[in-house]
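The values are calculated or read from the model by the stated rules, or taken from the named source; none is laboratory data. Keep in mind the model is a prediction, meaning the values are calculated, not measured. All Cβ positions, glycine included, derive from the backbone under ideal geometry; neighbour counts span all protein chains shown.
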Amino acid sequence: MTYIIHADYQPLNYIILGIDSSQIKEICLKDIKDTLLLRCVRGLLRRLGLYWFFRSLYIRSESLEQLSLIEENARIIIIDNRHLVDLRIIDKILPSSVERNLFYWTPICQLFHRYTSEKRSKYMKAISKMYRISSFNADDARIYPEIAVKPPFFRFPNKSKLTSDVTQGLYFIGYEKNRRDVLLEYKALFERLGLPCSFLIFKRKMKGISYFENIQNVSRCSCVVDITTEQTGISLRPLEALFFDKKLITNNKSIKEYSFYHPNNIFILEEDDLRKLPEFVTTPVTAVSEKVKEEFDINSWILNY
């Protein structure tokens, strides 16, 4: 049995609903309501090494119970958990024969942005003593020898629940992440080329739209826009474009290394000729085989992890 352990995060919840194997179970670690007092108490317990005795202050009791039921010789894959205490608690709960894996779909420098590079290296070494660590981001593997590289994943959508009418132009959604000016420059550039844009840019901690609304927008757009910083691996946006048969405009040059890359479907900024962008957007998508898509489907991803 394989267990996927993840935070209560809308995009992950949506993708994991695509799991169709009885040999895969999920454990969703829902947040404990955070307060200043709770942060202070948890910090004190962590420094005193007493967190195990008060583990329900870090992980909900129902999740702790689910974790305690994981059987011998099972396999777990934890997704994007950066909390060392959580990872230590989970490690201690599990039988020694359980295969422990941890996958990061966020660059290490962003997950641990408050830490110095030396402290990040220390964290990776501590975590690697408990788990086999993988990342979607090749740069992480170059910096931290404990990390292997694995591609990210998505799911085949239920298109019957979504509209197929294209009513939006170029679509971007994401948080600023120190790229607001770049995003607005690209938006202005696209609009000068006569390409209508729908850019949803959110500030940190600002409430955005639901992930289902985002999926609706993807299904209605002519082209998905992907502007990344500090990473070589691909984000959700290229996979949304792939599984929804949409064109992609991206500044991530490493996209050419992926099996689904096709110049008719993917326009690389600062590499492809901008004068040809309007023609690129209006020409039909070149079909990508189901076999290629299956490489990035959550079921295949877990099977081949």
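Here are the numbers:
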| item | result |
| --- | --- |
| Residue ID - farthest from the chain's Cα centre (by Cα), chosen from residues in region 14-52 that are of a type in the set (Ser, Thr, Tyr) and in a helix (DSSP H, G or I) | 51 |
| From the options 171, 115, 186, 123, residue that is part of a strand (DSSP E or B) and either among the aromatic types (Phe, Trp, Tyr) or in contact (Cβ under 8 Å) with a residue 60 or more places away in the chain (or both) | 171 |
| Residues that are surrounded by 13 or more Cβ atoms within 10 Å (Cβ to Cβ) and either at pLDDT below 95 or touching a Pro at 6+ places or on another chain (Cβ under 8 Å) (or both), drawn from region 64-73 | 70 |
| Answer residue from region 1-29, given it is surrounded by 10 or more Cβ atoms within 10 Å (Cβ to Cβ) and small (Gly, Ala, Ser) and is nearest to residue 101 (Cα to Cα) among those | 7 |
| Residue count for region 126-158, restricted to those that are in contact with a Phe, Trp or Tyr (Cβ under 6 Å, 6 or more places away or on another chain) and of a type in the set (A, V, I, L, M, F, W, C) | 3 |
| Close pairs (6 angstrom Cβ cut-off, 6 or more residues apart or separate chains): touching a residue at least 40 places away in the same chain (Cβ under 8 Å) in region 211-222, among the aromatic types (Phe, Trp, Tyr) and in a helix (DSSP H, G or I) anywhere | 211/14 |
| Criterion violated by residue 71 - all others in (1) in contact with a Leu (Cβ under 6 Å, 6 or more places away or on another chain); (2) assigned to a loop (DSSP other than H, G, I, E, B) satisfied | (1) |
| Residue satisfying all of: in region 87-129; among the polar types (S, T, N, Q) and farther than 22 Å from residue 62 by Cα; farthest from the chain's Cα centre (by Cα) among these | 97 |
| Criterion (β-branched (Val, Ile, Thr) and surrounded by fewer than 16 Cβ atoms within 10 Å (Cβ to Cβ)) met by exactly one of 209, 147, 215, 201 | 209 |
| Residue in region 240-274 that is nearest to the chain's Cα centre (by Cα), counting only those that are part of a helix (DSSP H, G or I) and within 23 Å of residue 166 (Cβ to Cβ) | 240 |
| Test: residue in region 30-53 that is touching a helix residue (DSSP H, G or I) at 6+ places or on another chain (Cβ under 8 Å), crowded, with 19+ Cβ neighbours inside 10 Å, at pLDDT 95 or above and outside the structural domain of residue 233 (by TED's automatic domain parsing) | no |
| Unique residue being part of a strand (DSSP E or B) and either at pLDDT below 90 or under 23 Å from residue 12 (Cα atoms) (or both) when the list is 292, 218, 225 | 225 |
